[in-house]
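Below is one structure, written out as structure tokens; the observations come after it.
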Amino acid sequence: NQSSNFVRDLIVSVIENLVKERFSQQADEILNLSQSEAVFLQKMMDSKKWRRMLIDLTATHKGSALLNYCLQYISSQGYHKEISSRVNQSDHFGVFNGMITSELTIVGNVNENRLRE
């Protein structure tokens, strides 16, 4: 099974490099697809390996509507630490504002629960 994991990781790495080299704003057209046609994008955002690639792409393609959509979705799913470790917060204020709000809500809920105990 180690060899299949190695092969899978190698394939992912090659694809990531190709996507990073060839990504263009034309990819924004994916947002015009129906949900059933764009199911692959949902699967990518739900996969740790592909999510990392999408996050990294947002750092170099700040104007992409597709990547901004992906970053907002990934943030809404609670992957704040993955985003903050890979992207400059000032470049995506809306996403980071939502992340801070979410984290403060969690802290507030924890403190409230402790007070009740």
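The values are calculated or read from the model by the stated rules, or taken from the named source; none is laboratory data. As the structure is a prediction and not an experimental result, all values here were calculated from the model. Positions of Cβ are generated from backbone atoms using ideal geometry, with glycine treated the same way; all protein chains shown enter the neighbour counts. To get the accessible areas, we keep the full protein, side chains included, count just its heavy atoms, and leave off ligands, DNA and RNA. Shrake-Rupley method; radii C 1.70, N 1.55, O 1.52, S 1.80 Å.
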*Counting only heavy atoms of protein chains, what accessible area per residue, in Å², does segment 1-90 have with a probe of 1.4 Å?*
66 Å²
*Theoretical gain in end-to-end length, GLN26 to ILE11 [0.36 nm per residue, Cα-Cα removed]*: 3.0 nm
_By average C-beta atoms within 10 angstrom, highest first, the peptides 68-74, 1-7_ = 68-74, 1-7
